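The structure under discussion appears below in the form of structure tokens.
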Amino acid sequence: QYRNMRNMPQARTLALRAADVKPDDGRPYLLIGEMYAASANDCGNDEFTKKVAFWPAVDMFNKARSVDSDPAVRERATQLVNTYSQYFPSIELIFFHGYDSGDVYRVECWINETTRIRPR
């Protein structure tokens with residue numbers, strides 16, 4: 001409901017609560033990752049920063065895959081990883097902005113997550 005109302009922080013809070021209640025359910029992490037990916041353009045102001053939200057999105061998809069044993073959830077997480085990894089910044093764009101692959105990076109905006117830089 002909160003996602004539909006574009007209240008992403010509240011939707012994430014509730015999804016994380018659901019994950020706390022049922023730690024072996026990857027679906028809350030799928031939801032969070034999808035919200036991060038959907039926010040990419042809104043959370044950046046140039047070619048680089050409009051792509052960085054895909055890193056924590058993929059982190060969430062990988063988390064979903066690691067905690068859930070349901071083949072359907074794992075398959076969906078894998079599909080989402082494969083889809084959104086394509087949108088990572090190129091190695092050239094990363095270098096142009098003064099970063100290296102593997103550096104720690106804080107994604108701003110409502111996402112406010114720390115992740116590792118990875119090229120597509």
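All of the numbers you see were taken from the coordinates with simple rules; none came from a lab. Predicted, not measured: the structure shown is a model, and the values here were computed from it. Positions of Cβ are backbone-derived with ideal geometry, glycine not excepted, and every protein chain shown enters the neighbour counts.
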Positive dipole terminus of the chain, leading residue within Val81, Pro23, Asn112 (C-beta point charges) | Pro23
Reachable aspartates and glutamates from Lys22, criterion Cα separation under 12 angstrom, eight or more residues apart if same chain = Asp68
Normalising by the residue count of the chain, find the relative contact order in percent from Cα pairs under 8 Å and 6+ residues apart.
-> 23 percent
How large is ³J(HN,Hα) for each residue in segment 96-106, as worked out from phi by the Karplus curve 6.51 cos²θ - 1.76 cosθ + 1.60 (θ = phi - 60°), to whole Hz, x for Gly and Pro?
-> 4, 8, x, 10, 10, 4, x, 4, 7, 9, 9
With the Cα gyration tensor of segment 33-84 giving a ≥ b ≥ c as the square roots of its eigenvalues, does the rule (a/c under 1.5 for rounded; else a/b larger than b/c for prolate; else oblate) give rounded, prolate or oblate?
-> prolate
Dipole size in debye (nearest 20) for the chain around its Cα centre, Lys and Arg Cβ +1, Asp and Glu Cβ -1?
-> 260 debye
If you plug each phi of segment 74-84 into the Karplus form 6.51 cos²θ - 1.76 cosθ + 1.60 with θ = phi - 60°, what whole-Hz ³J(HN,Hα) values come out, in order, with x for Gly and Pro?
-> 5, 5, 4, 4, 4, 4, 5, 4, 5, 5, 7
Virtual spin-label span in nm between Gln79 and Asp42, 7 Å along Cα→Cβ | 2.4 nm
Enter the angle in degrees (range 0 to 90, nearest 10) between the Cα long axis of helix 54-67 and the first principal axis of the Cα atoms of the chain, meaning the one along which they spread out most.
-> 30 degrees
Interchain or long-range residues, amide H under 5 Å from Lys50's placed H = Asn45
Compare the Cα positions of Ala37, Gly102, Leu14 along the charge dipole of the chain (+1 at Cβ of Lys, Arg; -1 at Cβ of Asp, Glu; about the Cα centre) and return the one farthest towards the positive end.
-> Leu14
Subtract the Cα-Cα distance of Trp110 and Val21 from 0.36 nm times their separation in residues, and report this length gain in nm to one decimal.
-> 29.7 nm
Per the helix-only calculation at 222 nm, which mean residue ellipticity applies to the chain, given -39500 (n - 2.57) for every DSSP H run of n ≥ 4 and division by its residues, nearest 500 deg cm²/dmol?
-> -16000 deg cm²/dmol
GNM result for the chain, Cα springs below 10 Å: residue of Phe61, Phe88, Phe48 fluctuating most strongly | Phe48
Which label in [x] 0.98; [y] 1.04; [z] 0.93 gives the computed Rg/Rh (Cα atoms, Kirkwood Rh) | [x]
Report ³J(HN,Hα) in whole Hz for each residue of segment 14-20, in order, from the Karplus equation J = 6.51 cos²θ - 1.76 cosθ + 1.60 where θ = phi - 60°; Gly and Pro get x.
-> 5, 5, 5, 5, 4, 5, 5
Once amide hydrogens are built 1.01 Å from N within the peptide plane, the residues lying 5 or more places from Glu113 or on another chain with amide H under 5 Å from its amide H are Val107
Residues with beta-carbon under 11 Å from that of Thr49, excluding Thr49: net charge, scoring Lys, Arg +1 and Asp, Glu -1?
-> -2
Can you list the aspartates and glutamates whose alpha carbon is less than 13 Å from that of Lys50, not counting same-chain residues fewer than 8 positions off?
-> Asp42, Glu108
